[in-house]
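The values are calculated or read from the model by the stated rules, or taken from the named source; none is laboratory data. Here the structure is a predicted model, which means the values were calculated and not measured. Here the Cβ positions follow ideal geometry from the backbone for every residue, glycine too, while neighbour counts run over all protein chains shown.
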Amino acid sequence: MTSSLICRLLCGVAVVSPATPVQSTDSPPTPEMARLAKVFTGDWNTVEIVQHGKPVPDGSGRHGTVHVRLTGGGTALVSEGHSVGTVGGELQWLITIWWDSGAKCYRFLTCFRTPTDAGCELRGTAHWAGDTFVNDYEEVTNGKRTKAQDLWTDITPNSHTLTESRGIGNGVMKPYVISHSTRQ
């Protein structure tokens, strides 16, 4: 399946029925998707404390909400969110994660919209490293590829931290965005 077809299929699921969970009751999710669902499904409040590699003053970073659900008969985890702040401005997103049984990894489709930009892309492959969920990918800025990574850490039933890090050379990763989420 081509990435554009995957994007059309997954985006279509989210756009056709964004408020209605579509999970089938006659087919439970795979163990891989059940693990993600156990950790991430629900409604969350988020706050960004680091943006563009710099801490933001208390209350100035983006604050928002996220709704995460298992959909497609347990085949995909969909996260829809919106946040706004005096530092960082407005951000809307849709993230879809699914288990690729052939490759034995999770795949990501991310869609982001700011007041000046919007777009979707397939973004990396993910796996569990103990209790940390890790998505590895590359960012392309000004034609230069940079290693990047999303880490979900400090996972509890009511909170988790998401750190987006980017490579700064010699295998060193620097936090670029840090968000804390707490269950509503």
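If I ask for residues that are touching a helix residue (DSSP H, G or I) at 6+ places or on another chain (Cβ under 7 Å) and either assigned to a strand (DSSP E or B) or modelled with pLDDT of 95 or more (or both), which ones from the range 48-73 would you list?
V68, L70, T71
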Within the range 121-160, how many residues are of a type in the set (S, T, Y), touching a Ser or Thr at 6+ places or on another chain (Cβ under 8 Å) and surrounded by fewer than 16 Cβ atoms within 10 Å (Cβ to Cβ)?
3
Can you tell me which residues in the range 65-91 are more than 14 Å from the chain's Cα centre (by Cα) and closer than 20 Å to T114 by Cα?
V84, G85, T86, V87, G88, G89, E90
Determine whether W44 is under 16 Å from the mean Cα position of the chain (by Cα), within 21 Å of P28 (Cα to Cα) and surrounded by 15 or more Cβ atoms within 10 Å (Cβ to Cβ).
no
Name, by its number, the condition in (1) within 29 Å of A34 (Cβ to Cβ); (2) buried (at least 16 other Cβ atoms within 10 Å of the Cβ) that does not hold for D100.
(2)
Look at the range 134-177 and say how many of its residues are within 15 Å of W44 (Cα to Cα) and of a type in the set (A, V, I, L, M, F, W, C).
3
